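What follows is a single structure, written as C-alpha cells, with notes after it.
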Amino acid sequence: MRTLVKTFAAAALIAVSTFAMAAEGPGSKSAKANFNLSTADFALEHYVAVTTEGESAGVEQLFAADFSQKIQSSNAQNLSREAVVKSLKRQKGEKLNCEVKTQVLEESADYRIAKVTLKFEGFTKTDLVTLEREGSCWKVSKSINSYK
C-alpha cells in the first residue's frame, strides 16, 4: 500500500512539474528575466556580476543598443554589443579569481562613469564603464579596458 501511495505521489509531482515547465516555454526564465536596473548602482552591480561571476541572465537587458567595448593593449580591439553579449553568455557560470574594486568617478542624474578594477595574480584589468539612463532603466553604454 505504501509503495502504491509513493508511486502516485511521484507521478503527480512529475505531472505538475512537467505542466509548469511547458507553461513557461523553453528558455523563458533566462530570456525574460527582469533585473532591477532602476538605479545606476543596481546596473553597475549587475555589470560586475555578469563580467566577474558568470551571471548570464539579464545580459541583453544590461547593455544599451549602441554599446561598444574598447580594449587597449598592444593589439587594440573594438568590440560590438553583439560580440560582447555572445562572449559573456559563453562564460556562464565561470567565476573569475580576482579582487574586485569599484569606484564612481563622475555622476549626474542621467550619466555615470565608474572604474572597475579587477586585480588578478600577476596583472590588473581596469574597466572604465559608462552608464546612461534610458527611460526608467540604466544601461551600460561603453566600456574601455586596459591591462597592467
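Scan the range 66-108 residue by residue and report those that are in contact with an Asp or Glu (Cβ under 8 Å, 6 or more places away or on another chain) and closer than 16 Å to A43 by Cβ.
R81, V85 - these are the residues of the range 66-108 that are in contact with an Asp or Glu (Cβ under 8 Å, 6 or more places away or on another chain) and closer than 16 Å to A43 by Cβ.
Listed residues V104, V116, V100, V129; which is part of a strand (DSSP E or B) and farther than 15 Å from V50 by Cα?
Details: V116 fails: farther than 15 Å from V50 by Cα; V100 fails: farther than 15 Å from V50 by Cα; V129 fails: farther than 15 Å from V50 by Cα.
Residue meeting the stated conditions: V104.
Report yes if some residue within the range 64-85 is free of Cβ contacts under 8 Å to residues at least 40 places away in the same chain, touching a helix residue (DSSP H, G or I) at 6+ places or on another chain (Cβ under 6 Å) and surrounded by 15 or more Cβ atoms within 10 Å (Cβ to Cβ); otherwise report no.
Narrowing the range 64-85 to residues free of Cβ contacts under 8 Å to residues at least 40 places away in the same chain: 65, 74-83, 85.
Pick out the ones that are also touching a helix residue (DSSP H, G or I) at 6+ places or on another chain (Cβ under 6 Å) and you get 85.
The next check asks that each one be surrounded by 15 or more Cβ atoms within 10 Å (Cβ to Cβ); those that pass are 85.
The answer is yes, given that some residue of the range 64-85 is free of Cβ contacts under 8 Å to residues at least 40 places away in the same chain, touching a helix residue (DSSP H, G or I) at 6+ places or on another chain (Cβ under 6 Å) and surrounded by 15 or more Cβ atoms within 10 Å (Cβ to Cβ).
Let's see how each residue does on (1) of a type outside the set (F, W, Y); (2) closer than 22 Å to L37 by Cβ:
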| residue | (1), (2) |
| --- | --- |
| Q103 | yes, yes |
| K125 | yes, no |
| E134 | yes, yes |
| W138 | no, yes |
| S141 | yes, yes |
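So which of A31, A9, A20, A76 ends up being at pLDDT below 90 and closer than 28 Å to K148 by Cβ? Before the answer, list the steps.
Numbers: A31 fails: closer than 28 Å to K148 by Cβ; A9 fails: closer than 28 Å to K148 by Cβ; A20 fails: closer than 28 Å to K148 by Cβ.
Checking each option against the conditions leaves just A76.
Please work out which residue is farthest from F120 (Cα to Cα), limiting yourself to the range 37-63 and to residues that are in contact with a helix residue (DSSP H, G or I) (Cβ under 8 Å, 6 or more places away or on another chain) and of a type in the set (D, E). Outline the logic, then answer.
Going residue by residue through the range 37-63, those that are in contact with a helix residue (DSSP H, G or I) (Cβ under 8 Å, 6 or more places away or on another chain) are 37, 43, 46-47, 50-51, 55-60, 62-63.
Going one step further and asking which of them are of a type in the set (D, E), we end up with 55, 60.
Numbers: E55: 19, E60: 27 Å.
My answer is E60.
The values are calculated or read from the model by the stated rules, or taken from the named source; none is laboratory data. Keep in mind that this is a model prediction, so the values were computed, not measured. Positions of Cβ are generated from backbone atoms using ideal geometry, with glycine treated the same way; all protein chains shown enter the neighbour counts.
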